[in-house]
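Worksheet: one structure, shown below.
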Amino acid sequence: MHIDEFLEFDGKPENHSELPFTIPKDWTQGRTAFGGLSAGILYSRLKREICDDRPLRSITFNFVGPLNAGEAFTFDYSILREGKNATKITGNLRQNGNVALTAIACFSQNRTSKVEVEPNFTNTLEFPKKPNFIPQIPKITPNFLRHVELAVQDGKLPFTGSKNSSMAGWMRFKEKPCRFGDDHIITLIDAWPPTVLQMIRGPAPASTMSWNVEFIHPVSDISPGEWLAYEAKTVRAHGGYANTEAKIWSESGELVALSRQLVAVFD
């Protein structure tokens, strides 16, 4: 299935909890749905419940349990507060009666303010004229990787025993979406392997526990086929958990989003 089939919904169904599909195996990582895709689906449903064009400021996901491929799942939501400028909303994806993924998001309009601070860092990655793509390796790389292109410029492949704990490169969908929005960026960010997997020698599972994305620059300025730059580092890894943070830029050098994850590593 093309990414548009997951993130595009024409009109609201009579029962807002009904989702028109299940996740096929080519969008999985291991036995479960690719986390970035399930997060993108949940966000796209929450966005539809916002009464106006308030932009997304931040969203936090908690991956509670597996979202199995080939099985139906449902969506529910609750608006926590809706004020003049901001809306706080929470939502869940449920499968077999259990919460698989939950999120809380903040949508808020711009306000007049005298405070102006520009980012003090820039994207230094070279544009990928000859991309070094993460290859598809049977039983090693996840199935969903066939739908995205990850061009690595810093860091090593997972499970290579590297001493490096950072990762950087460029990302986009292999098949260009019809449009490009926050949900597409959310899906792409999570396509990158956790920064610490390259430090492990030999295959070992890892799982995102919680994930926060803050949007800085309007996504409407980005075209569907555009590359996005990605730079991530490990803040700390200890006791089987890693704290990572990442920056995402557009081709033109605008800082688009900030991402922070708590990752469990089972090595």
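Okay, here's what the table says:
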| read-out | value |
| --- | --- |
| Extreme residue, modelled with the lowest pLDDT, among residues of the range 201-243 that are among the aliphatic types (A, V, I, L, M) and not in a strand (DSSP E or B) | V219 |
| Selection status of W227, in contact (Cβ under 8 Å) with a residue 60 or more places away in the chain and among the hydrophobic types (A, V, I, L, M, F, W, C) | yes |
| Tally of residues being in contact with a Phe, Trp or Tyr (Cβ under 8 Å, 6 or more places away or on another chain) and exposed (fewer than 15 other Cβ atoms within 10 Å of the Cβ) across the range 123-140 | 2 |
| Check on R146, under 19 Å from the mean Cα position of the chain (by Cα), exposed (fewer than 13 other Cβ atoms within 10 Å of the Cβ) and under 20 Å from L228 (Cβ atoms) | yes |
| Only listed residue being basic (K, R), within 21 Å of E254 (Cα to Cα) and in contact with a Gly (Cβ under 9 Å, 6 or more places away or on another chain), chosen from R172, R179 | R172 |
| Test: residue in the range 21-41 that is at pLDDT below 80, of a type outside the set (G, A, S), in contact with a helix residue (DSSP H, G or I) (Cβ under 9 Å, 6 or more places away or on another chain) and surrounded by fewer than 15 Cβ atoms within 10 Å (Cβ to Cβ) | yes |
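For (1) surrounded by 15 or more Cβ atoms within 10 Å (Cβ to Cβ); (2) assigned to a strand (DSSP E or B); (3) of a type outside the set (D, E), each residue gets a yes or a no:
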| residue | (1), (2), (3) |
| --- | --- |
| R54 | yes, no, yes |
| S58 | yes, yes, yes |
| F61 | yes, yes, yes |
| S78 | no, yes, yes |
| R81 | no, yes, yes |
| T87 | yes, yes, yes |
| A100 | yes, yes, yes |
| C106 | yes, yes, yes |
| E118 | no, no, no |
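The values are calculated or read from the model by the stated rules, or taken from the named source; none is laboratory data. Just so we're clear, the structure is a prediction, and the values are computed from it rather than from any experiment. All Cβ positions, glycine included, derive from the backbone under ideal geometry; neighbour counts span all protein chains shown.
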